[in-house]
Amino acid sequence: MPGLLLVSPSIAAIGLFVYGLLFWNTRVALSGKHDEVSEYGFDKGRNFVDLWDQPSWPGAVKHALLFTAVFVVGALMLGAFLAFLMDKGVRAEAGFRVVYLFPMAVSFIASGVVWRWLMNPAPPQRAVGFNQLFDKLHLGFLSNDWWQNPDWGMAAMALPAIWQMSGYVMALYLAGFRSVPEELREAARVDGASEWKVYRYVVFPQLRPVTLSALIILGHISLKVFDLIMAIAGKQIITYVPAIATYVEIFDRHDPANGATIATYMLVAVAVLVIPYLVWSVRSERTR
């Protein structure tokens with residue numbers, strides 16, 4: 001009873017502000033409230049079908065998938081590489097860890113403002129940021145439109161997110177590296193395995209739970225990214241993603257039903273990632 005009383009405020013807050021709001025959002029998504037004065041009703045789920053007829057929605061989904069793929073793969077690879085360097089032993093390791101982890105302490109809004117300047121798509125004669133640097137180094141062929149590129153703009157938009165979250169992934173992998181017993185590595189070396197094979201066949205197979213955890217965390221961050229894109233590009237169709245679409249539908253077009261429908265799609269996308277991970281975690285705990 002004392003323990004239940006201790007956690008009851010948290011349970012009540014989660015029930016109201018998480019699951020209660022999820023229920024209300026789903027109710028609005030299933031209603032016909034497409035303006036601020038109409039009554040709530042039941043539309044039999046037509047909003048979820050009609051949304052795909054809007055010209056901007058398929059593009060928003062495509063942009064979100066491209067951003068997610070580049071961001072998740074890039075952050076995993078860079079984080080694992082940095083953790084590998086840390087694991088091999090470098091001088092001033094504590095200082096490097098702080099440097100790599102520091103970007104995570106910066107908000108997406110603040111980093112977005114800086115990266116908007118770095119990825120300025122202006123031509124060489126008016127260039128700033130990376131384009132100006134490339135021009136000064138006589139590497140003008142590397143200058144590009146960055147986030148304004150109609151095909152790969154969202155891939156460039158993922159660069160700030162990779163820079164910001166790779167340090168966190170590094171910390172996860174570094175903890176995983178340090179948890180692998182040194183005896184396993186030494187046994188592999190005695191058997192003639194090179195250092196690369198030690199990591200490939202001994203160390204990395206032990207880090208599958210770490211990789212899965214990092215994949216889930218990065219995936220759900222990327223699917224609901226909002227503030228970074230707003231800070232860099234604003235509400236432009238070329239960088240339209242579901243979170244931006246939700247904001248536009250609710251606050252610009254004053255269509256609560258469509259905004260709630262998009263938010264429900266985002267909830268389902270995150271649930272597809274998180275729920276299997278939770279099931280796997282529970283089963284792993286039971287088998288121990």
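The values are calculated or read from the model by the stated rules, or taken from the named source; none is laboratory data. The shown structure was predicted, so the numbers you read here are calculated from the model rather than taken from an experiment. With ideal geometry, Cβ positions are generated from the backbone for all residues, glycine too; neighbour counts draw on all protein chains shown. Ligands, DNA and RNA are excluded from the accessible area calculation, which covers all protein heavy atoms including side chains. Shrake-Rupley method; radii C 1.70, N 1.55, O 1.52, S 1.80 Å.
Before moving on, here are some points about what is shown:
- Residue 87 vs. criteria open to solvent by less than 90 Å² (accessible area, probe 1.4 Å), more than 25 Å from the chain's Cα centre (by Cα) and within 30 Å of residue 178 (Cβ to Cβ): yes
- Of all residues in region 243-261, those that are β-branched (Val, Ile, Thr) have Cβ atoms under 7 Å from Cβ atoms of residues that are open to solvent by 10 Å² or more (accessible area, probe 1.4 Å) and in a loop (DSSP other than H, G, I, E, B), 6 or more apart or on another chain, in 244/226; 244/235; 248/235.
- Filtering region 183-212 to residues that are surrounded by fewer than 16 Cβ atoms within 10 Å (Cβ to Cβ), touching a residue at least 12 places away in the same chain (Cβ under 8 Å) and polar (S, T, N, Q) leaves only 206.
- Search result, residues across region 252-263 that are open to solvent by 10 Å² or more (accessible area, probe 1.4 Å), part of a helix (DSSP H, G or I) and either out of contact with any helix residue (DSSP H, G or I) (no Cβ under 8 Å at 6 or more places or on another chain) or of a type in the set (Val, Ile, Thr) (or both): 252
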